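Peer 1: I'd like to ask you about the structure that follows.
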Number of protein chains: 2
Amino acid sequence: MPKVSDAHRESRRDQITDAALRSFAAKGFQRTSMADIIAESGLSAGAIYGHFESKQQIAMAVAQRVLGNRLGELHEHMGAGRVPDPDQVVAIITEGMRRDLIDTSLLVQLWGESVHDEQIRSLVGRVFAEVTANLTPYLAAWARQNRGLQPAEAETWAETALPVILAFAQGYIVQSALLPGFDREKYLAAIRAVL
Amino acid sequence: MPKVSDAHRESRRDQITDAALRSFAAKGFQRTSMADIIAESGLSAGAIYGHFESKQQIAMAVAQRVLGNRLGELHEHMGAGRVPDPDQVVAIITEGMRRDLIDTSLLVQLWGESVHDEQIRSLVGRVFAEVTANLTPYLAAWARQNRGLQPAEAETWAETALPVILAFAQGYIVQSALLPGFDREKYLAAIRAVL
DNA sequence: GTCTATAGCCGGATAGAC
DNA sequence: GTCTATCCGGCTATAGAC
């Protein structure tokens, strides 16, 4: 395959994924028809099926992008060797979601889908595993540094604390997606008060 | 209408709602067809449409039951005048879900649906409002009793604490529905450690 | 009230021309 | 690679006999 063709393929896939993401955000995964995606993308049925095998594959590409955005930001902030306080971690995780308001409602939908869609479930599972793999060592480092725990104790503490941090992120996602008057600052302040 | 007929109507509606709940739990709301509900109930299409106007109405009846179960238990435990510690509240809320394992995944699905389904969203919204109306006074009472706050301060404290308690419940729902090795005891212990 | 049978529609995916 | 036109399957809801 020639170089140009590869680049073109990628950009067409992006064009389709963009349109699908907008459509899913507007109508939901299942309620969105191929006709919707076709109209939103400005392409035709034939063009789209030349790049994706099925609607399911398009949904997977969208899910990968939404989840990948969140993972990317986590890596970015956790990889730098800095060890912020746990309430700051929640603020960091949710900061990206605030920018893309769209994402929290898509994430809630993804969870709902993943209950009965094999492919999405395994994708969501992998992301949970990766988040765990990232946060646990960070939490252990924080416990050593700020609580003076021994490495083994710190590890145990981190494993205990992890579900709580996850719950704060998940609570943010649910509440911001579903509660009409949700206030991000109040939510973060409440977490700060508890931790 | 004669008495017998009313009782019969109710029990038929329950029979249909039961079958629908099982079907939704097994396949998801959207993936479940009327044919599934018909087969699961042992009735016929005609019989079902004699009791419900549409599939949507059946979904609403199921949603009402799932959410109502949780609300009922909350009322039961909060109304008795006792003031358990906040971590016990989370244990109480999640206890009912543990019994019906089915419920957590149905709740996650309900959230997903409610993003784009008007009727379900308004139902979920009403339940959130009712939970808030129940928990806020309880939290204020707890703060007066166990932290010696004045009524006004206690009220403010309760409004701050509420989203955190909600997050713990929501985290439980998400994690128990989606994480393969989820351990209820560990989760509750982690919350106890934080509070 | 409940059954069987089916109308009528809409969705995903494909065929074939260009 | 992309378009238009269309097939085919499955879905919800109804009609009509009992």
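Laboratory data are not the source of any read-out in this text; all were calculated from the coordinates shown. What you see is a predicted model, and the numbers here were worked out from it, not measured in a lab. When we count neighbours, we look across all protein chains shown, and the Cβ atoms used for this are built from the backbone with ideal geometry, even at glycine.
Peer 1: Search segment B:26-37 for residues that are at the interface with chain A (Cβ under 10 Å from one of its Cβ atoms) and pair each with any residue that is within 10 Å of DNA strand D (Cβ to nearest atom) and charged (D, E, K, R) when their beta-carbon atoms are under 7 Å apart and the residues are at least 6 apart or on different chains.
Peer 2: Going by the 7 Å Cβ cut-off, the qualifying pairs are B:K27/B:D36.
Peer 1: Continuing with the same structure: Output the helices (runs of 4 or more DSSP H) that fall wholly within segment B:77-195 and possess 2 or more residues being within 24 Å of A:V194 (Cα to Cα), or say none.
Peer 2: B:86-99, B:118-147, B:151-178, B:184-194
Peer 1: Moving on to the next point. I'm checking my understanding of the structure. Among residues of segment A:44-98 that are within 14 Å of chain B (Cβ to nearest Cβ) and within 16 Å of DNA strand D (Cβ to nearest atom), which one is surrounded by the fewest Cβ atoms within 10 Å (Cβ to Cβ)?
Peer 2: Ranking the qualifying residues of segment A:44-98, first place goes to A:Q56.
Peer 1: Here's a follow-up. All but one of (1) more than 10 Å from chain A (Cβ to nearest Cβ); (2) in contact with a Phe, Trp or Tyr (Cβ under 8 Å, 6 or more places away or on another chain); (3) more than 20 Å from A:I191 (Cα to Cα) hold for B:L178; which doesn't?
Peer 2: (1)
Peer 1: Please go through segment B:31-43 and give me each residue that is near DNA strand D (Cβ under 8 Å from one of its atoms) and of a type in the set (S, T, N, Q), ordered by number.
Peer 2: B:T32, B:S33
Peer 1: So B:A26 clears everything in (1) within 12 Å of DNA strand C (Cβ to nearest atom); (2) loosely packed, with under 14 Cβ neighbours inside 10 Å; (3) under 22 Å from B:L107 (Cβ atoms) except one condition, right? Which one?
Peer 2: Of (1) within 12 Å of DNA strand C (Cβ to nearest atom); (2) loosely packed, with under 14 Cβ neighbours inside 10 Å; (3) under 22 Å from B:L107 (Cβ atoms), only one is false for B:A26: (1).
Peer 1: Out of A:R22, A:R13, A:R70, which single residue is under 23 Å from A:A169 (Cβ atoms) and either part of a helix (DSSP H, G or I) or more than 21 Å from the chain's Cα centre (by Cα) (or both)?
Peer 2: Sole residue among the options that is under 23 Å from A:A169 (Cβ atoms) and either part of a helix (DSSP H, G or I) or more than 21 Å from the chain's Cα centre (by Cα) (or both): A:R70.
Peer 1: Of everything in segment B:11-23 that's among the hydroxyl-bearing types (S, T, Y) and away from chain A (no Cβ under 14 Å), which residue is farthest from DNA strand C (Cβ to nearest atom)?
Peer 2: So the residue we want is B:T17.
Peer 1: For segment B:1-25, give me each residue that is polar (S, T, N, Q) and touching a residue at least 24 places away in the same chain (Cβ under 8 Å).
Peer 2: B:Q15, B:T17
Peer 1: Taking into account only those residues within segment B:103-133 that are of a type in the set (V, I, T) and more than 11 Å from the chain's Cα centre (by Cα), which is surrounded by the fewest Cβ atoms within 10 Å (Cβ to Cβ)?
Peer 2: Once the filter is applied, the top-ranked residue is B:T132.
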